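Structure record follows, encoded as structure tokens.
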Amino acid sequence: MGVTLAEPEAIPDPCFLADVTSNPTRPNWDTSASTTQCGVIEVDSGWLLQPMGGGVNQTMMLSSMRYGLTPKLDLRWGTTNDMIQRGAGTSPLHGIGDQWLMARYRFMEQSKWVPALAFVYGVKVPTANPSKGFGSGYADHQFTLIASRDLGKNHFDFNAVGTLVGGRRGHDGAAQYGLALTRPATQKLALMLESYGGPQPGTSNRFGAAFAGASYTLRPALVMDAGYSRTYTEGSPRSQAMIGFTYALRRIISPISKNSAMGRLLGR
């Protein structure tokens, strides 16, 4: 009597999973090696308040959109939709900020001894008005190495960020570093602590800040967040308060084919 072997279960394609899960990059400064779910579009938006000193406050509406091109690569467009400075008896200044185009690629998965590693490249599109003090009017470049590690219930993200700032005399560069700790308090609530800073391009002054924040998962695709940061070095703004959300949209764009040469190259 013959024996019929059961066929092995097919491994589900990560770009066609039924469940959509949000993978926020806000509200903290450091970002994770974990990329946006393949084939999914994520949008986030938030409000940020910065006391500038002298009775002047600056508020900003920040938004971004990310697309998971492969399980290891996502693309991001970020923009400052609205900036307003008001106070101290002066006329309000109103405008938009710069925009950023970025790509994040995770080239190593977490293992027993090695953290997950990713690289981010970003270029700034100078859309802000320099005459209002909202931008420099020059393009910048940013290079980020990310190391992410889970240790028990704790998740750590380390970022090393190199920035080339454009100007009339060419580019000037500096590197900043940050370490963030995220720990779940409940199934839906996560708490964050972070420290980041370093030299600043175009000046000998150093920058350093501490951050505390939280996120709350209303449902897998929708996460709310809030945070507060304060500098422990000289400079303005000395503090920032922020609140916002991240929402993952169901698949509306077909992902790159895993059988294509480009798909294999990009980790599809």
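General observations
- The set of residues from segment 29-54 being assigned to a loop (DSSP other than H, G, I, E, B) and either of a type in the set (A, V, I, L, M) or open to solvent by less than 60 Å² (accessible area, probe 1.4 Å) (or both) comprises D30, T31, S32, A33, S34, T35, T36, Q37, G39, V40.
- Filtered residue count, segment 55-85, keeping only those that are surrounded by fewer than 20 Cβ atoms within 10 Å (Cβ to Cβ), touching a His at 6+ places or on another chain (Cβ under 9 Å) and either modelled with pLDDT of 90 or more or not β-branched (V, I, T) (or both): 1
- Residue match in segment 153-163 (condition: touching a residue at least 40 places away in the same chain (Cβ under 8 Å), under 15 Å from the mean Cα position of the chain (by Cα), open to solvent by 70 Å² or more (accessible area, probe 1.4 Å) and over 18 Å from A103 (Cβ atoms)): yes
- One residue from S257, S204, S195 being in contact with a helix residue (DSSP H, G or I) (Cβ under 7 Å, 6 or more places away or on another chain), surrounded by fewer than 18 Cβ atoms within 10 Å (Cβ to Cβ) and of a type in the set (S, T, Y): S257
- I84 being touching a strand residue (DSSP E or B) at 6+ places or on another chain (Cβ under 7 Å), hydrophobic (A, V, I, L, M, F, W, C) and touching a residue at least 60 places away in the same chain (Cβ under 8 Å): no
- Matching residues in segment 130-144 - criterion: being surrounded by fewer than 15 Cβ atoms within 10 Å (Cβ to Cβ) and not charged (D, E, K, R): P130, S131, G133, A139
- Checking R104, R26 one by one, the residue that is under 22 Å from G197 (Cα atoms), charged (D, E, K, R) and open to solvent by 20 Å² or more (accessible area, probe 1.4 Å) is R26 and no other.
- Any chance A190 is open to solvent by less than 30 Å² (accessible area, probe 1.4 Å) and either at pLDDT 90 or above or not polar (S, T, N, Q) (or both): yes
The values are calculated or read from the model by the stated rules, or taken from the named source; none is laboratory data. In this text the structure is predicted, and so the values were computed from the model without any measurement. Don't worry about glycine lacking a Cβ; one is built from the backbone with ideal geometry, like all the others, and counts go over all protein chains shown. With ligands, DNA and RNA removed, areas are computed over all heavy atoms of the protein, side chains included. Shrake-Rupley method; radii C 1.70, N 1.55, O 1.52, S 1.80 Å.
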